[in-house]
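Everything on this sheet refers to the single structure shown next.
The values are calculated or read from the model by the stated rules, or taken from the named source; none is laboratory data. Not measured: the values here are computed from a predicted model. Ideal geometry is used to build each Cβ from the backbone, glycine not excepted, and the neighbour counts take in all protein chains shown.
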Amino acid sequence: MSFRNDFVWGAATSACQIEGAAFEDGKGKSIWDVYAHLPGKVFEGEHGDVACDHYHRFEEDVKLMAELGISAYRFSISWPRVMPEGTGPVNEKGILFYSRLVDCLLSHGITPYVTLYHWDQPYELYKKGGWLNPDSPKWFAEYARTVGEALGDRVKHFITFNEPQVFIGLAFVDGVHAPGHRMSRAETLLMAHHVLLAHGMASQALRACVPEVQVGYAPTSDVPVPVSDSPEHVAAARNAYFAMPENGDWSWNVSWWSDPVMLGHYPEDGLRILEPDLPLIRQDDMKTIFQKPDFYGQNIYRGIPVSAAGNGTGNKVGDGAGGWRKEKRSPGSPKTAIGWPVDFDCLYWGVKFLYERYQTPIFVTENGMSSHDWPSLDGKVHDPARIDYLHRHLRGLRRAAEDGVDVAGYFQWSLMDNFEWARGYNDRFGLIYVDFETQKRLPKDSFYWYRDVIRGNGENL
Ligand code: BGC
């Protein structure tokens, strides 16, 4: 068995990174619209005010998607475009934009996968305390219902949250993403609890108003990749993936973010280690949070080489739950332009470990790499490293499918170069090159390569 016949081949983007039109047609401000304009926050003082101008050019972009041959497109809705204040009044022009985008996708045979939250919280809600406010799950459920009612006659696939690890972890633990201040562990754990409740309440809202809806979730984390297939290294890597580090560094922990949603409880080791800072977890909270998704998504970009403790040469990082050791990489080992290390087997092990634990059809909701691409003298954009990266990762994904993992789909990140958050326009992740001066789109070599992979349902990998 290889990829299943109905395997979903897709590409992904997010609103704040591509749409632009940040202050047009009644859209409210998001935390990123404000943060990016603060001095020193984003590389070279850039922002997403115009980005790829997709808001005005979506028809051209959908045509390119059709040429690429993707069967699904994952995009996010800008909450403040639809509800400028986050709750209450709905901006009909915002709804109309997404409605037209959805119609255009469907007319090209492309299934929309809608992410509700890809980090651009309405600034008005942030002023009310954002995710710290106990009403934040209700706000999110109201927004989910609004989107469900507007698009649910045509959109059946929704993802509640993209990478809570980042919009809580990088934003409030590390303080380097909007809104950009560090908070105490107790405060960030309370926000996380509210986000999990928001997932549950939004899932209930969508299931109540969208017939045949499929709800998903898209967290992330680096994948511990065993140094060999031998059982002790595999067990060590599995432990490393799910165990809460003894030092309480919780924000990238897979179990903390996914066990409540997928299994209905917080992980025991996390409850023990984080005990002094835990929020009040009310009796019914777990019932609300445990709205098991119909599909499980994971964004996977990177791995960490791991061996069983006692067998490796690197520093021992964690031994609370089974003993594992993070291995040192050899000097000069591959890295992408953003500086992320490359471990080709991370998709294979990532989806395998996640499927073992959560037993739910799995999507890779993001995977891809940045490189400093530019048009060559021949007018084309040659990106052989991206082709090789995607090729080897997809082979790993196919191997997982062959092993019996229920791999339902893959969304490449990203359809086109875009606003890469705090790194501005420094990193290009796209299959399509964007000239940000002229807004001209130019498919890269990887675009044509991926088109052929899709055509062959991955047989030619
Ligand atoms: C995010 C994207 C981002 C990509 C590359 C993911 O963490 O979901 O928004 O552009 O990684 O950094």
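Numbers at a glance
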quantity	calculated
Qualifying residue in the stretch 147-161 (condition: within 13 Å of the ligand (Cβ to nearest atom) and either at pLDDT below 95 or in a strand (DSSP E or B) (or both))	yes
Qualifying residue in the stretch 382-389 (condition: touching a residue at least 24 places away in the same chain (Cβ under 8 Å), within 23 Å of residue 72 (Cβ to Cβ), hydrophobic (A, V, I, L, M, F, W, C) and more than 16 Å from the ligand (Cβ to nearest atom))	yes
Helices (runs of 4 or more DSSP H) fully within the stretch 193-304 counting 2 or more residues that are among the aromatic types (Phe, Trp, Tyr)	231-242, 254-262
Scope the stretch 108-129; condition more than 16 Å from the ligand (Cβ to nearest atom) and touching a helix residue (DSSP H, G or I) at 6+ places or on another chain (Cβ under 7 Å); matching residues	108, 110, 112, 122, 123, 125, 126
Evaluation of residue 214 against (1) over 25 Å from residue 267 (Cα atoms); (2) within 16 Å of the ligand (Cβ to nearest atom); (3) touching a Phe, Trp or Tyr at 6+ places or on another chain (Cβ under 8 Å) (one fails), failing number	(2)
Long-range neighbours under 8 Å by Cβ, at least six apart or interchain, first residue more than 19 Å from residue 110 (Cβ to Cβ) within the stretch 135-156, second of a type in the set (Phe, Trp, Tyr) and not in a helix (DSSP H, G or I)	140/117; 144/158; 148/158
Total residues in the stretch 424-439, condition among the aromatic types (Phe, Trp, Tyr) and either free of Cβ contacts under 8 Å to residues at least 60 places away in the same chain or away from the ligand (no atom under 12 Å from the Cβ) (or both)	2
Strands (runs of 3 or more DSSP E) wholly inside the stretch 312-423 containing at least 2 residues that are β-branched (Val, Ile, Thr) and within 19 Å of the chain's Cα centre (by Cα)	362-366
Contacts under 6 angstrom Cβ, first residue in the stretch 408-423 being closer than 9 Å to residue 366 by Cβ and in contact (Cβ under 8 Å) with a residue 60 or more places away in the chain, partner in a strand (DSSP E or B) and of a type in the set (Lys, Arg), 6 or more apart	411/74
Which numbered condition residue 120 misses (of (1) assigned to a helix (DSSP H, G or I); (2) of a type in the set (D, E, K, R); (3) under 13 Å from residue 86 (Cα atoms))	(1)
Boolean, residue 74 is of a type in the set (Lys, Arg), in contact with a Phe, Trp or Tyr (Cβ under 9 Å, 6 or more places away or on another chain) and under 29 Å from residue 451 (Cβ atoms)	yes
Residue in the stretch 185-200 that is over 19 Å from residue 159 (Cβ atoms) and modelled with pLDDT under 95 present	no
The lone exception for residue 92 - which of (1) under 23 Å from the mean Cα position of the chain (by Cα); (2) surrounded by fewer than 17 Cβ atoms within 10 Å (Cβ to Cβ) it fails	(1)
Hey, residue 164 under 25 Å from residue 42 (Cα atoms) and buried (at least 18 other Cβ atoms within 10 Å of the Cβ) or not	yes
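Let's see how each residue does on (1) closer than 30 Å to residue 215 by Cβ; (2) not aliphatic (A, V, I, L, M):
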| site | (1), (2) |
| --- | --- |
| 383 | no, yes |
| 386 | no, yes |
| 391 | no, yes |
| 394 | yes, no |
| 415 | yes, no |
| 419 | yes, yes |
| 423 | no, yes |
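Conditions (1) surrounded by fewer than 16 Cβ atoms within 10 Å (Cβ to Cβ); (2) more than 22 Å from the chain's Cα centre (by Cα); (3) over 28 Å from residue 341 (Cβ atoms), marked per residue:
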{"position": "187", "(1), (2), (3)": "no, yes, yes"}
{"position": "191", "(1), (2), (3)": "no, no, yes"}
{"position": "220", "(1), (2), (3)": "no, no, no"}
{"position": "260", "(1), (2), (3)": "no, no, yes"}
{"position": "288", "(1), (2), (3)": "no, yes, yes"}
